[in-house]
Amino acid sequence: MNYILLADFSVIRPDFGLFFWTSVIFILFWLLMAKFAFKPIADALLERQSDIQDSLDEAKKAREDMANLKAENQELLRQAQEERVAILKEAKEAKDAIINEAKTTAKTEASKIVANAKEQINNQRMAAVVDMKNQAGKMAIDIAEKMLKSELAGEAASESFVQKLISEAKLN
Amino acid sequence: MRKYILSLCCIFCLSVFALAQHDGHNHDGHNHAKKTQATDHQGHNHDGHDHAGHNHGNHEGHDHGSHAGHNHGNHAGHDHGAHSNGEGHATNACGHGGHHEFNPGEAAFHHISDQNIYSIGPFSFPLPCFLYASGKGWDVFSSGRFDADSHGNGEKAYNQYILCEGSARRVQDASFPTGEIDLGHHAVYTKKLPTDKGKTKEYAFVCYNGKEWQADSKSTADAGMFGGGITSFYDFSITKNVLTMMLVFLFLAWVFISMAKSYKKRRGMAPTGITNFIEPIFIFIQDEVAKPFLGHKWQKYLPFLQSIFFFILGLNLFGQIPFFGGSNVTGNLSFTLVLAILAFLVTNLSGNKHYWGHTLWMPGVPPLLKILVITPVEILGLFIKPITLTLRLFANITAGHMVIAIFVGLIFVFGQSGANPGAAYGTAVGSTILTMFMMAIELLVAFIQAFVFTILTASYIGAAVEEAHH
């Protein structure tokens, strides 16, 4: 077995040439990649990460805004509905008031008219009564005159007598 | 996935078929698919070689498709199976027998090691060599000059350098001629020589002009602990591992830069295409690794952690692409050592007062205890952390690659290198199942180890930059 262990196992012997070339190639790789690849890639990834985060935040904000807007709309709707109810109520009240007022006005007017009519009727009646009284008086005077003419000699005495009778008649 | 499994099964069947066909061959015959000389098998006669055991007639029977089947899984790129068919063995001018017995352990070590050629199956692609020897100076040339055979042994030498098992070696002897030299087949081989410690050690040898020359291995920084050490030359070549790193670097750079661009272009839009695949992983490292450990300082260290993670992951996965060379970069100590050293530097250079206070002079502990126990342990810990980082990644990935290579090697062991095709068929079926199972696990390990390395680095840095919160 000895000779196997001592065979040309060159990989464990650090070779100056390979050492040199590895150093050159790896350091070149490191520097070039750092400048032209790994840094830009890491930066781009960071940028994209923040982009994505920003977009997510924005979306979240937009969603919140939407929710707020919706709530606001609902509030407005609710307010509008309340207002409508209030307005309707007010209108109804106004209507009732107007109707009531109209009713009262009409009532008073009507009563006024009735009163007027009553007064007028009364006046007419009074006038008719007065007229009737005058007619009746005249008729009575005529009758009485005629009667007295025949009965009484003097006209004057007869007239005073009639006047006395008329004033007594007025009392009833 | 189904496609993948199907293709794997096909390849294994092909390889078994090829193995059976090769019964009675010696290794040379296999190379013909690759080389130009392959045009005429019948009249072929290799200089100085004894091919008595050959039966070239069989070659007509199988096409190159079955040659491609030699690539067993990721690793067993060469056909080690046909080695020890006894009578066919070539002996070169220096009296060295062409091949050793097949040894799955050795084959596995060979396949996970770094090489100066990139071999995929029977093909090997040359890579640029940058070799330095003190007193000699730089040698810059293509490893195609070595004219490697399917074992990765060069059939030519160039400026006193030879290729042995895919790796450049130097013949230090001044009398060895410089320039391009045709060595011929099997001129480069390894032999085990006893060391002064009573063990044996493998050396590369080259046979030229009837004379045997010993070659130096490349210098390594293990101070002789693992059989390496400083030798006469240094190899700064673009090796298979370096090329793999470059390919992965380019691929990752393309992916990430286009990804960064798409973020800029499609600002504020949803990600598309490859971004969708990478982004979750990127964010995982950012949110699960960087942020929890580093607190508000995560942005400063994120590029380092991401680089570590994706570089390791990319290389882990690249090494597991079947039939693509099976590069074992993250399973190489040099690689993991560099990353661990960088992690160590980043950690300790960003260490704040609080960190150093706790490391060097732990509050609330008696001074004597501090000097004798706590402080030495803490200082030791500073260095143990990167060492564990190094070894963990290296061991995990190497083990995975080796297990797969050894499972494939079992086919040749039980098939007795082609002498027992029945056993080879049986083992091939079992090995296929085991290898596929291992590959599935290795896929998981690729992610886990990249993640573990990153999260531990993050925790070390996190401890160093943590603010005092008393």
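Points worth noting:
- Verdict on B:Val338 being within 13 Å of chain A (Cβ to nearest Cβ), at pLDDT 90 or above and not in a helix (DSSP H, G or I): no
- B:Leu252 being within 9 Å of chain A (Cβ to nearest Cβ) and surrounded by 13 or more Cβ atoms within 10 Å (Cβ to Cβ): yes
- Filtered residues of the stretch B:393-415 (kept if away from chain A (no Cβ under 14 Å), assigned to a helix (DSSP H, G or I) and touching a residue at least 24 places away in the same chain (Cβ under 8 Å)): B:Val403, B:Ile404, B:Phe407, B:Val408, B:Leu410, B:Ile411, B:Phe412
- Exactly one residue out of A:Phe19, A:Phe29, A:Phe36 is surrounded by 11 or more Cβ atoms within 10 Å (Cβ to Cβ), assigned to a helix (DSSP H, G or I) and modelled with pLDDT of 95 or more: that is A:Phe29.
- Matching residues in the stretch B:160-219 - criterion: being buried (at least 24 other Cβ atoms within 10 Å of the Cβ), without any contact (Cβ under 8 Å) to a residue 40 or more places away in the chain and either charged (D, E, K, R) or part of a loop (DSSP other than H, G, I, E, B) (or both): B:Gln160
- Identity of the residue in the stretch B:267-286, facing another protein chain (nearest Cβ under 10 Å) and surrounded by fewer than 14 Cβ atoms within 10 Å (Cβ to Cβ), that ends up nearest to B:Pro303 (Cα to Cα): B:Arg267
- Considering only residues in the stretch B:183-242 that are acidic (Asp, Glu) and in contact with a Ser or Thr (Cβ under 6 Å, 6 or more places away or on another chain), the one that is nearest to the other protein chains (Cβ to nearest Cβ) turns out to be B:Glu202.
- Some residue of the stretch B:446-454 being at pLDDT 90 or above and over 29 Å from B:His296 (Cβ atoms): yes
- Among the criteria (1) within 13 Å of chain A (Cβ to nearest Cβ); (2) part of a loop (DSSP other than H, G, I, E, B); (3) modelled with pLDDT under 90; (4) in contact with an Asp or Glu (Cβ under 9 Å, 6 or more places away or on another chain), the one B:Met362 does not fulfil is (1).
- B:Ile341 being out of contact with any Asp or Glu (no Cβ under 8 Å at 6 or more places or on another chain) and farther than 20 Å from A:Val24 by Cβ: no
- Residue list for the stretch A:9-37, restricted to those being out of contact with any Phe, Trp or Tyr (no Cβ under 7 Å at 6 or more places or on another chain) and facing chain B (nearest Cβ under 7 Å): A:Ser10, A:Val11, A:Pro14, A:Asp15, A:Phe19, A:Trp21, A:Ser23, A:Leu32, A:Ala34, A:Phe36
- Yes/no for B:Lys297 being assigned to a helix (DSSP H, G or I), free of Cβ contacts under 8 Å to residues at least 40 places away in the same chain, more than 9 Å from chain A (Cβ to nearest Cβ) and on the phi < 0 side of the Ramachandran plot: no
- Checking each residue in the stretch B:256-280 for being in a helix (DSSP H, G or I), more than 18 Å from A:Lys39 (Cβ to Cβ) and in contact with a Ser or Thr (Cβ under 9 Å, 6 or more places away or on another chain) picks out only B:Ile274.
- B:Thr272 vs. criteria over 17 Å from A:Val24 (Cα atoms), in the same structural domain as B:Ile308 (by TED's automatic domain parsing) and among the hydroxyl-bearing types (Ser, Thr, Tyr): yes
The values are calculated or read from the model by the stated rules, or taken from the named source; none is laboratory data. The structure presented is a predicted model; accordingly, all values stated were derived computationally and were not measured. Note: ideal-geometry Cβ built from the backbone for every residue, glycine included; neighbour counts use all protein chains shown.
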